[in-house]
Amino acid sequence: MTTTLDGSTGAGGSAPAARTYDVGASDEVAERGRLVVTLGHGTDAVTVGVFRFRDRLYAYENVCAHQGGPACQGRIVSRVRERLDDAQRSLGLVFDDSEMHIVCPWHGFEYDVTTGRHPGRPDYALRPVTVAEEGGRVRVTV
Amino acid sequence: MTIDDGVRRLPTQEITTHTDSREILANAARDTERYGLDDYFIVDVDSHHVELDSWPEILEFLESPVLKDTAHQMMRNWPQASHLALHNHPPGLTMQDVSGRIPHQASLAEETPGAASGAERDVTLVRRAMDAMSIDLQVVFPQPMLETGLHPQPQVASALLQAYNRWFTSQVLPREPRVKTMLGLPFEDPDACLATVEEFADHPGVIGFLVTSQRHAGVHRNAYMPLYRMLEERGLPIGFHAGPNQADSMTSTMNRFLSAHAMSFVTCNMTHMTNWVINGIPERFPGLKTIWIESGLAWVPFMMQRLDHEYYMRQSDAPLLTKPPSHYMREMYYTSQPMEWTDDALLEATLRAIDAPNTLMYSSDWPHWDFDVPGRIASLPFLDDHAKRNILGETARKVFGL
């Protein structure tokens, strides 16, 4: 189950029936890029970020597990790692381009785009949203 | 093929320093609806504006013609000094935004149409933040000026504080009654502290006075007793506002901003709290309301246990005390941010230790990188509604007479 720190589960008891939306063309979500859209109207509206990494799409609700910030509208940045030599001496910081992070701009919480989870506390996670690509179109189901 | 009805692309795909505060904080509206925050009286006891954005305007309020000339020459001749003249802005502060991951920490560079001065612009930005977070009143402080206690020339620091205080009270406060402040004291100069209280205590919107905590003055020195007496007699709280220091004897060993921030924002107030209590200032001035600002809360039960434990063995070191140190600490006030939330059981114990329903006051610290929205308090599962109302605003109403 997706965990949020403010006590919500992201799965309300009386959620409206799921609906699939065409949100745009495939080429509108570039590699290491995003498309943030609000789906629906009024109190049922949901804002979702769609991301592409290594030619695969991932989508999450735009609500940080920390304090509810707009996590999908922050920096997209590779994970930072610290290199060590064989003697465990630090060789400094490097970007690991094999892992793409999305960063909540409110407080800097980072999430692995492939899992939606914080790299150090995986139970802090974004709510995943179903996304599919078909016929050159991107479709999101909420 | 076209996108479906009911799909709206957000005009701001990525939030940057140029994004409007109302858009940055739009998600706070979820808390307002969920917790009914519009029904609460919410006072934010610690927030900030960026005084360096208005620095040339502020420097015009310098009293000394010599110092004003120095400032003018610095602004004219030094390529990077147009908004830094005379200031001791520490270079490490530019690490606060985690390499652009938290843009609002670096700058609120959004448009403010019609704002003809820095003061007008600040008021616009503060209103936007208050409205977005359902805050009724906001206590506003400067930012880099929290470092004035480390200025290499204390007399310059005192002059800058005087200029800032005159600018803020004449240019910012009259524009928005929802903005309040506790004005910084030129603490290196006890006589100037008294003059500051005399000059500004009755100004509308001034609800207390502030000691910026990054400094090396012992708060128990005899020279400060007239100041504490004056504040007590006027019923005005004194606040100790923590700040960062990456160059003290301990933090200078640290290689990451996280490390230095986690330590120095707390150790400065731990130091002053220890001197304050062990020297019996609360016994000498029992009516003086004391507020500890922006050190979080986890340090307080640590210090209560630590000081009580040593006091029981060394009572003769603290002869003015008639009860254990923790009792005095429980009668002081604390602002909530940055509230350590990572362990519910520990946080609940901390709030019980400090008697949070009667001593804790919500603070956002907006627009800093570790700010807290009011929903942080409203969502705590172990507080009843009465306690939440007190923390979010009712205790502040009482402490400041709002």
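Within the stretch B:80-232, the percentage of alpha carbon pairs spaced more than 28 angstrom apart rounds to 26%.
With the convex hull drawn over the C-alpha atoms of the stretch B:1-138, the volume per residue is 190 Å³. Per-peptide packing, taken as the mean over residues of other Cβ atoms within 10 Å, places A:105-112, B:51-58 in the sequence A:105-112, B:51-58 from highest down. The mean number of partner chain beta-carbon atoms within 10 angstrom of a residue's beta-carbon across peptide B:358-366 is 0.
Would you please report the Å³ per residue occupied by the convex hull of the alpha carbon atoms in the stretch B:242-302?
92 Å³
Per-residue mean of foreign Cβ neighbours for B:372-385 is 2 (Cβ atoms of other chains, 10 Å radius). Both the radius of gyration and Dmax for the stretch B:158-230 are 12.5, 39 Å, in that order, over alpha-carbon atoms. Once backbone amide H atoms are built at 1.01 Å from N, A:Val129 has A:Ala59, A:Tyr60, A:Glu61 as its partners under 5 Å, excluding neighbours fewer than 5 places away on the same chain.
Taking N as the number of residues in the stretch B:283-335, what is its alpha-carbon radius of gyration divided by 2.2 N^0.38 Å?
Its radius of gyration relative to the 2.2 N^0.38 Å reference: 1.18.
Computed over the Cα atoms of the stretch B:226-348, pair by distinct pair, the Kirkwood hydrodynamic radius stands at 15.6 angstrom. Along its three principal directions, the equivalent ellipsoid of chain B from the Cα gyration tensor extends over semi-axes of 32, 29, 20 Å, largest first. Charge tally for B:Asp4 (other residues, Cβ to Cβ under 11 Å; Lys, Arg +1; Asp, Glu -1): +2.
Of the trypsin sites (Lys or Arg not before Pro) found in the stretch B:226-271, those in coil by DSSP whose Cβ has at most 15 other Cβ atoms within 10 Å are B:Arg256. What's log10 of I(q)/I(0) for the stretch A:20-141 at q = 0.14, 0.21 Å⁻¹, Debye sum over Cα points only, no solvent? Log-scaled intensity ratios, in q order: -0.61, -1.16.
Counted as membrane-span-like here are DSSP H helices of chain B whose alpha-carbon atoms extend 24 Å or more along the helix's own axis and whose Kyte-Doolittle mean is -0.5 or above; these are B:257-278. Reachable lysines from B:Lys398, Cα under 29 Å, same-chain residues fewer than 8 places away excluded? Excluding near neighbours in sequence, the set is B:Lys180, B:Lys289, B:Lys323, B:Lys388.
Over all residues in A:100-108, what is the mean tally of Cβ atoms on other chains that come within 10 Å of each residue's Cβ? Shielding by partners across A:100-108 averages 6. A simple packing score, the average count of other Cβ atoms within 10 Å per residue, orders the peptides B:340-350, B:360-370, A:80-90 as B:360-370, B:340-350, A:80-90, with the highest score first. In sequence order, the stretch B:359-370 has phi-based couplings of 10, 9, 10, 4, 9, 9, 6, 3, x, 7, 5, 10 Hz under the Karplus curve 6.51 cos²θ - 1.76 cosθ + 1.60, θ = phi - 60°, and Gly or Pro positions carry x.
Could you tally the net charge around B:Pro90, taking each other residue with its Cβ under 14 Å from the Cβ of B:Pro90, Lys/Arg +1 and Asp/Glu -1?
-1
Counting only DSSP beta bridges with both residues in the protein assembly as shown, the antiparallel share comes to about 65 percent. Taken over the stretch B:319-381, the alpha-carbon convex hull comes to 106 cubic angstrom per residue. Of B:Val123, B:Val98, B:Val206, the residue with the greatest mean-square motion in the GNM of chain B, using alpha carbon springs below 10 Å, is B:Val98.
With the convex hull constructed from alpha-carbon coordinates only, the stretch B:275-402 shows a mean projected area of 8.3 nm² over all directions. Each distinct pair of alpha carbons in the protein assembly as shown adds a 1/r term; the inverse of their mean, the Kirkwood radius, is 25.0 Å. Sorting B:302-313, B:101-112, A:56-67 by their mean Cβ neighbour count within 10 Å, with the most densely packed peptide first, gives A:56-67, B:101-112, B:302-313.
Here, each number is a calculation from the coordinates, and none is a lab measurement. Not measured: the values here are computed from a predicted model. Here Cβ is always computed from backbone atoms with ideal geometry, including for glycine, and neighbour counts include all displayed protein chains.
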